[in-house]
Amino acid sequence: MNPEICSTPISVSLDQNIFYAIAQRKMSIYVMNYKPDKIVNNSNYRLSKIVVSFKDQLFINNYGDIFNNVKIVADPIDTDIFYNQNQEREDKILYVGFMHELKGTLSFFEFAMDNPQLRFVVAGWGTKVFDFLARNTPNVEYLGTIVHEDMPKLFNKYETLFYSPIIPEPFCRSVAEGTLCGIKLMSSSSNIIGCMHEFRELGKEKFIENCKNAPEIFWKSII
């Protein structure tokens, strides 16, 4: 009997083909065929600049150069809470937030199932498919939804954060908060994560300053 998708824990045979069969009923062929060549901690920064420039030019070609006097402001983050506590970390790989194919969640579970010797933690929520995978993959600990106030503890508790979206992210708050807390980013697409552009371009201290002072910078920019 084939297992059905459900939102409550059940015991099933954790054969990888079963997972893919379940996922294929809900996800597009494009997403199912997305398989990064490798997971890397640092993307080619020059490539990321080319990607951004190319997308800027596409926008101008389609809509015109209609934005002038533009200022980009970082997400406001309380850096008195989100910081590296320099404590001993558990050697586990964390995934946080909404579980969705466009956010690379499928590649996360594929990576987890391909590496049974590693340990993973999921703090988030999502569709029944991903809820099922999070609850029933043997080397994944599923915490469910975590209140925002507890996120600094998670980002300081674990060694690595997995996030590998398949579409560009303007900023990505969770990656920014994790980076401020000193967690390592595991990604095959950090070149399309906005906060990583800012972090590399500005440096750690300036990035922290911009996140901390974002509300003030925003209001000064529009008044």
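The values are calculated or read from the model by the stated rules, or taken from the named source; none is laboratory data. Predicted model only: the values in this text are computed from it and were never measured. Every residue, glycine as well, gets a Cβ built from its backbone with ideal geometry; the counts of neighbours run over all protein chains shown.
Can you find, within segment 182-200, the residue that is farthest from I72 (Cα to Cα) among those that are of a type in the set (D, E, K, R) and at pLDDT below 95? Step through it out loud before you land on a result.
Step one: filter segment 182-200 for residues of a type in the set (D, E, K, R), giving 184, 198, 200.
Adding the requirement that they be at pLDDT below 95 leaves 198, 200.
Working: E198: 10, R200: 15 Å.
Restricting to residues being of a type in the set (D, E, K, R) and at pLDDT below 95, the top hit is R200.
Is it the case, given these coordinates, that N62 is at pLDDT below 95 and over 21 Å from the mean Cα position of the chain (by Cα)?
Values: at pLDDT below 95: yes; over 21 Å from the mean Cα position of the chain (by Cα): yes.
Yes.
For every residue, the table says whether it meets (1) of a type in the set (D, E, K, R); (2) crowded, with 19+ Cβ neighbours inside 10 Å; (3) within 15 Å of I77 (Cα to Cα).
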site: E141; (1), (2), (3): yes, no, no
site: H148; (1), (2), (3): no, no, yes
site: S164; (1), (2), (3): no, yes, no
site: P170; (1), (2), (3): no, no, no
site: S174; (1), (2), (3): no, yes, yes
site: T179; (1), (2), (3): no, yes, yes
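Looking at segment 201-223, I want the residues that are more than 13 Å from A176 (Cα to Cα) and modelled with pLDDT under 95 and have a partner that is loosely packed, with under 11 Cβ neighbours inside 10 Å and not aliphatic (A, V, I, L, M) with Cβ atoms under 7 Å, at least 6 apart or on another chain. Which pairs are those?
Taking only residues 6 or more apart or on different chains, the pairs are S221/K71.
Out of contact with any His (no Cβ under 9 Å at 6 or more places or on another chain), within 18 Å of D78 (Cα to Cα) and loosely packed, with under 14 Cβ neighbours inside 10 Å: is that true of E216 in this structure?
Numbers: out of contact with any His (no Cβ under 9 Å at 6 or more places or on another chain): yes; within 18 Å of D78 (Cα to Cα): yes; loosely packed, with under 14 Cβ neighbours inside 10 Å: yes.
Here the answer is yes, as E216 does meet what is asked.
Do you know which residues across segment 141-167 are of a type outside the set (D, E, K, R), farther than 21 Å from F130 by Cα and not in a helix (DSSP H, G or I)?
Y158
Please go through segment 172-193 and pick out each residue that is hydroxyl-bearing (S, T, Y) and either touching an Asp or Glu at 6+ places or on another chain (Cβ under 6 Å) or part of a loop (DSSP other than H, G, I, E, B) (or both). Even if it seems obvious, please write down each step before you answer.
Narrowing segment 172-193 to residues hydroxyl-bearing (S, T, Y): 174, 179, 187-190.
Selection gives S188, S189.
How many residues does segment 166-195 contain that are touching a Phe, Trp or Tyr at 6+ places or on another chain (Cβ under 9 Å) and in contact (Cβ under 8 Å) with a residue 40 or more places away in the chain? Steps first, please.
Let us first name the residues in segment 166-195 that are touching a Phe, Trp or Tyr at 6+ places or on another chain (Cβ under 9 Å), namely 166, 169, 172, 174-183, 185-187, 189-191, 193-195.
Within this subset, residues satisfying the condition of being in contact (Cβ under 8 Å) with a residue 40 or more places away in the chain are 166, 174, 176-178, 180-183, 185-187, 189-191, 195.
Final tally of qualifying residues: 16.
Of all residues in segment 79-105, which are closer than 30 Å to I222 by Cβ and surrounded by fewer than 13 Cβ atoms within 10 Å (Cβ to Cβ)? Let's see the steps before the verdict.
Here is the first cut: in segment 79-105, the residues closer than 30 Å to I222 by Cβ are 79-83, 97-98.
Passing the criteria: only D80.
What are the residue pairs meeting all of these: first residue in segment 80-109, first residue of a type in the set (D, E, K, R), second residue part of a loop (DSSP other than H, G, I, E, B), Cβ atoms under 7 Å, and 6 or more apart or on different chains?
K92/R119; E101/M27; K103/P165
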